[in-house]
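Since every read-out is calculated from the coordinates, none of them should be taken as a lab result. Nothing here was measured: the structure is a model prediction, and the numbers come from that model.
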Amino acid sequence: MFRIHEYDTSYPILFQKESQKLAEILKGTCLIEHIGSTAIPGVDGKGVIDIMLVFDKPDEIEPIIVSLQQHGYYFTDGGVDRRDKAFMSSSGERESGPGDIHLHLVSIDNQDYPRAILFRDYLIRHPKAKQSYVNLKYELYKKVAGNRSEYTKLKSSFIEKIIALAQDETTRIE
């Protein structure tokens, strides 16, 4: 069962510290992006620091997994999936809690990458949308009684709506 925690101003510091560690391990082989609720000031959430590692080519992901394992990250899935994505964590658990690090390894062609950035950046720029997201999280948390997968599924339509708004906003700017 998970809990929603108030946003903690130490999240960017935790990300920065982890990002520096990852930069040393990965030696410039990928982009390192802070994603998820802890990347959006003021958004309450599970307290997990989600980091997306974005590689130029899908075949760069698999060899990096071994290196990351040697530095204390756990490969918690069966392999790199067919969408060129892999998941690792600092705790060895997919469903972990506050302060844990989740690594999302993707190729630059994986649509999860631009979508995560669009979502994050839109909520940072739009305080009303951000507050709506926080309100929705608490509403759904009460509704699902700790069922994390149901909670995630129920948030998806809001997330899709925000991504569409962000894409539209980006198109108008270009």
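Using the structure shown, list the pairs from Lys57/Lys142; Lys21/Lys128; Lys17/Lys142; Lys46/Lys128 with a Cα-Cα distance above 30 Å, or answer none. Lys57/Lys142; Lys21/Lys128; Lys17/Lys142, as the Cα separations exceed 30 Å there. Of the labelled figures (1) 54; (2) 50; (3) 47, only one reflects percent of Cα pairs over 21 Å apart as derived from the coordinates, namely (2).
With both bridge residues required to lie in the chain, what share of the DSSP beta bridges run antiparallel, to the nearest 5%?
65
Our helix-only sum for the chain, with -39,500 (n - 2.57) per DSSP H run of n ≥ 4 divided by its residues, gives a mean residue ellipticity at 222 nm of -16000 deg cm²/dmol.
Remind me, relative contact order of the chain in percent, using alpha carbon pairs under 8 angstrom and six or more residues apart?
Working: 254 pairs, mean separation 37.2, N = 174.
Computed over the chain, the figure is 21 percent.
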